[in-house]
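See below for the structure under consideration.
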Amino acid sequence: SVDDPLTRHVISRFYPQIYLCAYPLAAASVRRLLTLLRPARVCGGGWAAAAAGGLLCACLAVRLPGQDQSSNYIVRGYAESVLKGMPEGAVLVTQGDTPMYASRYLSAVEGLR
């Protein structure tokens, strides 16, 4: 159900990844369309490529700020709390990728627990 908070989170996080494929394809389509509409001597590949690249940059500039998660420490804080609260020698059993990878990273890379 779309009303489920977990479903909404997954959709909001992974649905925008389609734009990584869509924007380059749109830029290539615009370039191809521009070269078909005008003779090569007038349009030139350079102008069409610049227009396609501009479209790609504009699309990324609009979408990228909303996708930036560099200041989101929710998962890290959760994993730190779980690991710090466990007794020495305890075995952590998780369900799902997010808690497992976050805990594993903190343990293996940063030496927590």
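Per residue, segment 50-96 exposes an accessible area of 75 Å² to a 1.4 Å probe, with every protein chain left in place. Sorted from longest to shortest, the spans of the Cα atoms of segment 55-113 along the three principal axes equal 54, 20, 17 Å.
The values are calculated or read from the model by the stated rules, or taken from the named source; none is laboratory data. Keep in mind that what you see is a predicted model, and the values were worked out from it rather than measured. Note: areas computed on protein heavy atoms with side chains; ligands, DNA, RNA excluded. Shrake-Rupley method; radii C 1.70, N 1.55, O 1.52, S 1.80 Å.
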